[in-house]
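Here is the structure we will look at.
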2 protein chains.
Amino acid sequence: MAVVNRALKYDGTVSAAVTVDLVIFTVREASLRVLLIERGKPPFEGGLALPGGYVRVGEGLDQAALRELAEETGIDGRELHLEQLRAFGAPERDPRGRTFTVAYLALGPDLPTPVAGTDAATAHWVPVEAALSAELAFDHLAILKEGLDRARAKLEYTTVAAAFCRQPFTLAELRHVYEVIWGIPLDPSNFRRKVTKAAHFVEATGESRTPEIGRPAALYRRGSAELLFPPMPRSADGDDASV
Amino acid sequence: MAVVNRALKYDGTVSAAVTVDLVIFTVREASLRVLLIERGKPPFEGGLALPGGYVRVGEGLDQAALRELAEETGIDGRELHLEQLRAFGAPERDPRGRTFTVAYLALGPDLPTPVAGTDAATAHWVPVEAALSAELAFDHLAILKEGLDRARAKLEYTTVAAAFCRQPFTLAELRHVYEVIWGIPLDPSNFRRKVTKAAHFVEATGESRTPEIGRPAALYRRGSAELLFPPMPRSADGDDASV
DNA sequence: TCAATAGTGTCTGTCAGACAGTATCAG
DNA sequence: CTGATACTGTCTGACAGACACTATTGA
């Protein structure tokens, strides 16, 4: 769609299209998944890509990211964690002409199977290991990698892990998020001590949930803290398992 | 400069100018300083701003940042730490029309007084406390704040502090960087233990430098490590002193 | 009763904070 | 010698890793 003009201004500066692209992660069935769409139009027609689209006139970057999130997935962005990753602007990253993209990272609880939107023929939750070895359109593989790195890093020193859990949640569910994203097992006992002693990471609801088997687990909600101090230690030897 | 076209494409997507802006920090005379220019042209003529300029045709973002660094300061960017902060794109951030900017953070040792460049009437190393309470052009105050936050955070878990020191350096000089940027004193003894025990943060040259007064100090060079593990602890009570 | 998961208690090593004490220079 | 800064050593408390042990459910 839309031929992007690659207009030269007299002084050699560039006028370009600007897009937002979204790295949307969720945890489902013991794996971290990213939302990928099958492109319905050239370039890369039929190929896999991150959801995204052009920024509109009069629209801010965050605003554009929220709109694309709603359009391509039907998700209300206010329910998830959304933050900017960074801008990508290599001259040849889009064969249609000069295009800059601002990548966003979105984290949410196991989300509904998304609604195919404007540019999306179909959308799927793809396990990240699979996505990392897939051929993605444009420079989306690099963007995905940065998103993954950022998500992994942020689990350490912020409380975003809770963004992956539908509230209320058990500590086992929260721990599961860490284990899946870091690809390493955590000691349940030490995890509990850490999380419950950190100020305002989680707050107990006083209720509990009885699973099909085993002892009922206490339920918690997100606390008010954004930063986690001291951080959640990732085992010294930076072992990322498979990925 | 130059009138930026705010062309609407038929589908309402925007074509815009793209700039890079630089937050360049250095440590001098017991204060953290940022390079600000006095704008030579409208808008905000005569006002203070971060150095920066338009991205050119065929030029990548990092490349544009390096070029602007050289043009406006005469600094060879390969000598300093340069990383992207993030993109800013509020619709009304530039009165001339829709403009996106990609902010960069640059960290270097006490740098030469910069050469006034293309868009800069004059350039100064301004103490950050002063810059934070100044009226900066565009959204540059917000960009500066983010740069400062990022720099402070990165001292904790990376070895970038060494980027502020001309090599070779003493451990007192390196410690001074932390103290100035965090605005808190660090215990010299514990700092030494931490830095020398961390793998490849610094490596001893075997030489020493005799100051005007006091015992000579051993000299070190940057090590190969980028990440610092375990991190440099910032005292639990997040006290940022004045700033 | 057992299987399974939730949750508690405790030992140990590592490391940060505090600070006493020693070393090496210029005058 | 004094003053100043560089460097070493040591004690203590906080906390992570490991893991034994107890608690509460369904079948």
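The values are calculated or read from the model by the stated rules, or taken from the named source; none is laboratory data. Predicted, not measured: the structure shown is a model, and the values here were computed from it. Note that we place each Cβ from the backbone using ideal geometry, even for glycine, and neighbour counts take in every protein chain shown.
Consider the stretch B:145-176. How many of its residues are part of a helix (DSSP H, G or I) and among the β-branched types (Val, Ile, Thr)? Quick ask: steps written out before the conclusion?
Keep residues of the stretch B:145-176 that are part of a helix (DSSP H, G or I), which gives B:145-157, B:160-164, B:171-176.
Filter once more, keeping what is among the β-branched types (Val, Ile, Thr): B:160.
The qualifying residues number 1.
Does the stretch A:177-189 include one or more residues that are more than 8 Å from DNA strand C (Cβ to nearest atom), of a type in the set (Asp, Glu), more than 14 Å from every other protein chain (Cβ to nearest Cβ) and part of a strand (DSSP E or B)?
No: the stretch A:177-189 contains no residue that is more than 8 Å from DNA strand C (Cβ to nearest atom), of a type in the set (Asp, Glu), more than 14 Å from every other protein chain (Cβ to nearest Cβ) and part of a strand (DSSP E or B).
So A:Glu203 ticks every box in (1) within 14 Å of DNA strand D (Cβ to nearest atom); (2) touching a residue at least 12 places away in the same chain (Cβ under 8 Å); (3) more than 14 Å from chain B (Cβ to nearest Cβ); (4) of a type in the set (D, E, K, R) but one. Which box is left unticked?
(1)
If only one of B:Ala65, B:Ala2, B:Ala49 is within 14 Å of chain A (Cβ to nearest Cβ) and at pLDDT 95 or above, which one is it? Talk me through it step by step, then tell me what you get.
Values: B:Ala2 fails: at pLDDT 95 or above; B:Ala49 fails: within 14 Å of chain A (Cβ to nearest Cβ).
It is B:Ala65.
Need the failing condition index for B:Pro91 against (1) touching a strand residue (DSSP E or B) at 6+ places or on another chain (Cβ under 8 Å); (2) farther than 29 Å from B:Thr159 by Cα; (3) not in a strand (DSSP E or B), just the number.
(1)
Based on this model, can you work out whether A:Gly97 counts as at positive phi, touching a residue at least 12 places away in the same chain (Cβ under 8 Å) and either among the charged types (D, E, K, R) or within 11 Å of chain B (Cβ to nearest Cβ) (or both)?
Numbers: at positive phi: yes; touching a residue at least 12 places away in the same chain (Cβ under 8 Å): yes; either among the charged types (D, E, K, R) or within 11 Å of chain B (Cβ to nearest Cβ) (or both): yes.
It is true that A:Gly97 is at positive phi, touching a residue at least 12 places away in the same chain (Cβ under 8 Å) and either among the charged types (D, E, K, R) or within 11 Å of chain B (Cβ to nearest Cβ) (or both).
Between B:Thr158, B:Thr196, which is in contact with a strand residue (DSSP E or B) (Cβ under 8 Å, 6 or more places away or on another chain) and within 12 Å of DNA strand D (Cβ to nearest atom)?
On the way: B:Thr158 fails: within 12 Å of DNA strand D (Cβ to nearest atom).
The conditions single out B:Thr196.
Restricting to the stretch B:199-224, and then to whatever is assigned to a loop (DSSP other than H, G, I, E, B) and touching a strand residue (DSSP E or B) at 6+ places or on another chain (Cβ under 6 Å), can you tell me which residue is surrounded by the most Cβ atoms within 10 Å (Cβ to Cβ)? Explain how you work it out, then say what you get.
Here is the first cut: in the stretch B:199-224, the residues assigned to a loop (DSSP other than H, G, I, E, B) are B:199-201, B:210-216, B:223-224.
From what's left, touching a strand residue (DSSP E or B) at 6+ places or on another chain (Cβ under 6 Å): B:216, B:223.
Working: B:Pro216: 11, B:Gly223: 16.
Ranking the candidates gives B:Gly223 first.
Residue by residue, here is whether (1) outside the structural domain of B:Leu80 (by TED's automatic domain parsing); (2) of a type in the set (Val, Ile, Thr); (3) more than 17 Å from B:Leu107 (Cα to Cα) holds:
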residue	(1), (2), (3)
B:Glu146	no, no, no
B:Arg166	yes, no, no
B:Trp182	yes, no, no
B:Arg193	yes, no, yes
B:Ala199	yes, no, yes
B:Ala204	yes, no, yes
B:Arg209	yes, no, yes
B:Ile213	yes, yes, yes
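Count, please, the residues in the stretch A:175-185 that happen to be farther than 16 Å from A:Tyr157 by Cα and within 14 Å of DNA strand D (Cβ to nearest atom). If you could, list the steps in order and put the result at the bottom.
Within the stretch A:175-185, the subset farther than 16 Å from A:Tyr157 by Cα is A:176, A:180, A:183-185.
Keeping just the survivors that are within 14 Å of DNA strand D (Cβ to nearest atom) gives A:184-185.
Of the residues in the stretch A:175-185, 2 are farther than 16 Å from A:Tyr157 by Cα and within 14 Å of DNA strand D (Cβ to nearest atom).
Kindly establish whether B:Phe44 is at positive phi, in contact (Cβ under 8 Å) with a residue 24 or more places away in the chain and of a type outside the set (Ser, Thr, Tyr). Let's see the steps before the verdict.
On the way: at positive phi: yes; in contact (Cβ under 8 Å) with a residue 24 or more places away in the chain: yes; of a type outside the set (Ser, Thr, Tyr): yes.
It is true that B:Phe44 is at positive phi, in contact (Cβ under 8 Å) with a residue 24 or more places away in the chain and of a type outside the set (Ser, Thr, Tyr).
Could you check the stretch B:76-100 and list, in sequence order, the residues that are within 30 Å of B:Ala162 (Cα to Cα) and buried (at least 18 other Cβ atoms within 10 Å of the Cβ)? So that I can check it myself, show each step before the final result.
The initial filter retains those residues of the stretch B:76-100 that are within 30 Å of B:Ala162 (Cα to Cα), namely B:76-88.
Once the filter is applied, which keeps residues that are within 30 Å of B:Ala162 (Cα to Cα) and buried (at least 18 other Cβ atoms within 10 Å of the Cβ), the stretch B:76-100 yields B:Gly77, B:Leu80, B:His81, B:Leu82, B:Gln84, B:Leu85, B:Arg86, B:Ala87, B:Phe88.
Check A:Val20, A:Val34 and return the single one that is modelled with pLDDT of 95 or more and away from every other protein chain (no Cβ under 12 Å). Outline the logic, then answer.
Working: A:Val20 fails: away from every other protein chain (no Cβ under 12 Å).
From the options A:Val20, A:Val34, the qualifying one is A:Val34.
Could you list, in sequence order, all residues of the stretch B:68-87 that are out of contact with any Asp or Glu (no Cβ under 6 Å at 6 or more places or on another chain) and within 14 Å of chain A (Cβ to nearest Cβ)?
So the first thing to find is which residues in the stretch B:68-87 are out of contact with any Asp or Glu (no Cβ under 6 Å at 6 or more places or on another chain), and the list is B:68-84, B:86-87.
Hits for the stretch B:68-87 are B:Glu68, B:Glu71, B:Leu82, B:Glu83, B:Gln84, B:Arg86, B:Ala87.
Among (1) touching a Gly at 6+ places or on another chain (Cβ under 9 Å); (2) surrounded by fewer than 17 Cβ atoms within 10 Å (Cβ to Cβ), which single condition is B:Ser31 missing?
The single condition B:Ser31 does not satisfy is (1).
Kindly list, by first and then second residue, each pair from a residue in the stretch B:121-135 that is in contact (Cβ under 8 Å) with a residue 24 or more places away in the chain to a residue that is assigned to a loop (DSSP other than H, G, I, E, B), limited to pairs with Cβ atoms under 6 Å and residues at least 6 apart or on different chains.
B:Ala121/B:Gly40; B:Thr122/B:Ala116; B:Ala123/B:Pro114; B:Ala123/B:Ala116; B:Glu129/B:Ser242; B:Glu129/B:Val243
Cβ-Cβ below 9 Å, separation at least six or inter-chain, first residue in the stretch A:174-188 and acidic (Asp, Glu), second surrounded by fewer than 21 Cβ atoms within 10 Å (Cβ to Cβ): which pairs?
So the pair list comes out as A:Glu179/A:Ala30; A:Glu179/A:Pro185; A:Glu179/A:Leu186.
Do we have A:Val177 as surrounded by 14 or more Cβ atoms within 10 Å (Cβ to Cβ) and touching a Cys at 6+ places or on another chain (Cβ under 8 Å) here?
Details: surrounded by 14 or more Cβ atoms within 10 Å (Cβ to Cβ): yes; touching a Cys at 6+ places or on another chain (Cβ under 8 Å): yes.
Criteria met by A:Val177.
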